[in-house]
Amino acid sequence: MKYDTVLVLDFGGQYCHLIGRRIREHEIYSEIVPHNIKAEEIKLLNEKFNVKGLILSGGPASVFNEGAPKLDAKILDLGLPVLGLCYGHQLIAHMAGGKVGPAKRREYGATYVTIDKPVDVLKGLDRWERVWMSHSDAVFSVPPEYEVLAHSENCPVAAFRHRRKPIYGLQWHPEVVHTEKGVQMLRNLLFEVCKCKANWRMEDMINRMVEEVKAEVGGGKAIIALSGGIDSSVATVVAARAIGDRLTAVFVDHGFMRENEPEFVKNVFQGFKINLVMVNARERFLKRLKGVFDPETKRKIIGEEFIRVFEEEAEKAGAEYLIQGTIYPDRIESGFRKFSDKIKTHHNVAGLPTCIKFKKIIEPLRDLYKDEVRKVAALLGLPKEIVFRQPFPGPGLAVRVIGEITEEKVEIARKADKIVREEIEKSSLKDKLWQYFAVLTDTKATGVKGDARAYGYVVAIRAVESREAMTASFAKIPYRLLERISTRITNEIPQVVRVVYDITHKPPATIEWE
Ligand code: XMP
């Protein structure tokens with residue numbers, strides 16, 4: 001079956017993939033394609049999809065920059081609806097001979113626009129709408145075959161349409177939640193302008209991923225690092241569906257797992273008849289981390305050691321392909337696109353590809369956001385302990401023990417983590433939180449236990465709300481619950497004398513402490 005599809009042309013904007021995701025939320029299929037795709041190639045894509053429309057994403061360039069990304073002009077003659085957003089909006093105007101130039105003032109964030117004509121993409125909007133802008137150029141005029149649909153103080157042409165063809169431009173970002181009626185704008189585009197039928201389902205995404213793995217691996221063998229987190233679990237089940245026992249899933253116990261983690265993973269995946277290898281590598285990881293304090297060095301060493309263990313297993317399994325559960329936000333934060341900065345080395349992304357000689361690395365979940373992965377996990381029949389599992393970083397408790405790692409410190413962090421989880425999971429808060437965990441800081445403090453002076457560790461509690469981990473707010477946990485957690489930690493873990501609560505958002509902090 002061919003699905004109605006809207007293509008997103010990637011001009012390098014940070015919200016490009018978010019546009020794809022917003023389209024999928026309307027049960028319409030979407031592919032991200034390079035901005036320099038040719039009109040002919042789009043026609044060819046019709047063999048696979050019913051291409052119903054195109055969105056030109058935003059991007060960091062100015063249409064006047066040398067080497068600024070361009071659009072094949074023939075695309076505008078295909079008769080397909082085209083919506084340009086931000087840079088895409090300026091580019092269409094510029095190509096048509098309109099006037100584009102630096103805005104009087106740069107606009108970043110919430111802005112009000114006046115909707116002059118609430119038609120087509122803007123149907124049903126009020127005269128005064130709150131939208132999200134992020135631009136330095138603006139469109140000042142469009143040629144006579146275009147008409148202005150909206151303006152703002154800084155943008156005389158904040159939205160336009162062609163008078164005869166279904167070509168539109170919006171200076172703002174309807175895909176961002178801060179554009180109040182963004183969903184309505186996209187719905188207008190998809191259903192009113194492109195006349196799409198909403199017949200694409202998440203199940204179709206699973207089929208597509210299974211087919212992709214089948215096609216890539218062919219008759220070969222593949223290996224996957226299964227951490228027990230939702231991403232690698234989903235990738236494992238998808239890959240096993242595709243290639244059965246030609247897949248080997250490797251669970252590396254580096255010693256920084258949560259309480260009972262290895263046993264839990266083993267139990268779940270036994271039910272899926274997956275070829276699972278459990279490796280106890282605790283000693284070698286601890287040895288390599290001795291005397292190491294710097295967080296990025298720790299992450300690097302863990303990543304490297306992980307590769308060594310994994311290499312040995314890959315050799316035993318005779319696998320030529322590597323499957324990874326990398327999802328979209330991992331790729332952004334690891335700086336996979338040139339405009340985004342590297343924040344920290346996420347160990348499921350960095351390292352593996354360059355060091356092991358695999359024929360290919362396959363990342364079936366690469367365009368999905370976390371909540372989409374959860375939907376896929378539920379559809380695949382993974383148990384709810386995995387579906388609703390909070391994310392757990394690849395290096396595990398090693399990045400939650402600040403400074404040098406010792407067995408004793410990891411054990412303290414593990415016990416504290418267990419207490420935090422137990423207490424929060426007993427409360428009604430659990431479903432509202434993205435993550436909740438304990439961090440063993442490298443600060444020691446004075447306390448008093450049983451009438452005697454005690455000098456011991458400070459444990460920090462971190463609990464955050466988030467949608468995609470790109471930003472997060474610290475959770476406003478009731479004091480009573482914090483009190484219970486603190487009392488249990490100081491009572492049950494003799495080495496801890498003090499418990500503090502982290503009240504920092506991301507940004508400026510990150511979710512993990514290291
Ligand atoms: P930060 O600390 O960067 O974390 O705000 C964002 C999200 O990513 C998780 N995280 C990791 N996940 N490997 C992973 O698979 C890693 O190395 C890693 N480091 C952080 C973190 O728990 C949060 O959900």
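Figures for the structure shown
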item	result
Odd one out for LYS409 among (1) open to solvent by 20 Å² or more (accessible area, probe 1.4 Å); (2) under 24 Å from LYS214 (Cβ atoms)	(2)
Those residues of region 229-241 which are at pLDDT below 95, touching a strand residue (DSSP E or B) at 6+ places or on another chain (Cβ under 7 Å) and of a type outside the set (Ser, Thr, Tyr), in sequence order	none
Residues of region 411-433 satisfying the condition of being touching a strand residue (DSSP E or B) at 6+ places or on another chain (Cβ under 6 Å) and more than 22 Å from SER466 (Cα to Cα)	ILE412, ALA413, ALA416
Restricting region 480-508 to residues that are open to solvent by 30 Å² or more (accessible area, probe 1.4 Å) and within 16 Å of the ligand (Cβ to nearest atom), the residue that is modelled with the lowest pLDDT	PRO507
Residue in region 235-250 that is small (Gly, Ala, Ser), more than 26 Å from the chain's Cα centre (by Cα) and surrounded by 17 or more Cβ atoms within 10 Å (Cβ to Cβ) present	no
Test set (1) modelled with pLDDT of 90 or more; (2) farther than 23 Å from GLY98 by Cα; (3) touching a His at 6+ places or on another chain (Cβ under 9 Å) - CYS86 fails condition number	(2)
Cβ-Cβ under 8 Å pairs, at least 6 apart or on other chains, region 292-319 side within 24 Å of LYS359 (Cβ to Cβ) and outside any helix (DSSP H, G or I), far side open to solvent by less than 70 Å² (accessible area, probe 1.4 Å) and among the polar types (S, T, N, Q)	ALA319/THR248
Of all residues making up region 423-446, the number that are over 18 Å from LYS476 (Cα atoms) and either out of contact with any Lys or Arg (no Cβ under 6 Å at 6 or more places or on another chain) or modelled with pLDDT under 95 (or both)	5
Scope region 85-109; condition part of a loop (DSSP other than H, G, I, E, B) and crowded, with 23+ Cβ neighbours inside 10 Å; matching residues	CYS86
Failed condition for LEU380, given (1) at pLDDT below 95; (2) within 29 Å of GLU311 (Cα to Cα); (3) away from the ligand (no atom under 15 Å from the Cβ)	(1)
Identity of the residue in region 203-227, over 16 Å from GLY381 (Cα atoms) and acidic (Asp, Glu), that ends up farthest from the ligand (Cβ to nearest atom)	GLU211
Residue among LEU44, LEU18 that alone is of a type in the set (A, V, I, L, M), open to solvent by 50 Å² or more (accessible area, probe 1.4 Å) and more than 16 Å from LYS197 (Cβ to Cβ)	LEU44
Scan of region 110-158 for residues that are in contact with a Leu (Cβ under 9 Å, 6 or more places away or on another chain) and open to solvent by 20 Å² or more (accessible area, probe 1.4 Å), ordered by number	ASP116, LYS117, PRO118, VAL119, ASP120
Any hit, region 228-248, residues being part of a loop (DSSP other than H, G, I, E, B), hydroxyl-bearing (Ser, Thr, Tyr) and within 16 Å of the ligand (Cβ to nearest atom)	no
Residue within region 463-474 that is polar (S, T, N, Q) and touching a residue at least 60 places away in the same chain (Cβ under 8 Å) present	no
Flag for ARG282 being modelled with pLDDT of 95 or more and in contact with a strand residue (DSSP E or B) (Cβ under 8 Å, 6 or more places away or on another chain)	yes
When residues of region 211-227 are limited to those that are in a helix (DSSP H, G or I) and among the aliphatic types (A, V, I, L, M), the one surrounded by the fewest Cβ atoms within 10 Å (Cβ to Cβ)	ALA215
Region 268-319: number of residues that are away from the ligand (no atom under 16 Å from the Cβ), among the acidic types (Asp, Glu) and open to solvent by 60 Å² or more (accessible area, probe 1.4 Å)	3
Selection count, region 364-398, where residues are open to solvent by 10 Å² or more (accessible area, probe 1.4 Å), in contact (Cβ under 8 Å) with a residue 24 or more places away in the chain, assigned to a helix (DSSP H, G or I) and farther than 19 Å from GLU212 by Cβ	4
Which numbered condition ILE386 fails, given (1) farther than 15 Å from ALA235 by Cα; (2) within 15 Å of the ligand (Cβ to nearest atom)	(1)
In region 141-165, the residues that are in contact (Cβ under 8 Å) with a residue 60 or more places away in the chain and out of contact with any strand residue (DSSP E or B) (no Cβ under 7 Å at 6 or more places or on another chain)	LYS165
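This table checks each residue for (1) among the aliphatic types (A, V, I, L, M); (2) open to solvent by 20 Å² or more (accessible area, probe 1.4 Å).
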{"site": "GLY12", "(1), (2)": "no, no"}
{"site": "ARG22", "(1), (2)": "no, yes"}
{"site": "HIS35", "(1), (2)": "no, yes"}
{"site": "GLU40", "(1), (2)": "no, yes"}
{"site": "LEU54", "(1), (2)": "yes, no"}
{"site": "ALA73", "(1), (2)": "yes, yes"}
{"site": "LEU76", "(1), (2)": "yes, yes"}
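The values are calculated or read from the model by the stated rules, or taken from the named source; none is laboratory data. Source: prediction; values computed, not measured. Every residue, glycine as well, gets a Cβ built from its backbone with ideal geometry; the counts of neighbours run over all protein chains shown. These accessible areas exclude ligands, DNA and RNA; they are computed on the full protein's heavy atoms, side chains included. Shrake-Rupley method; radii C 1.70, N 1.55, O 1.52, S 1.80 Å.
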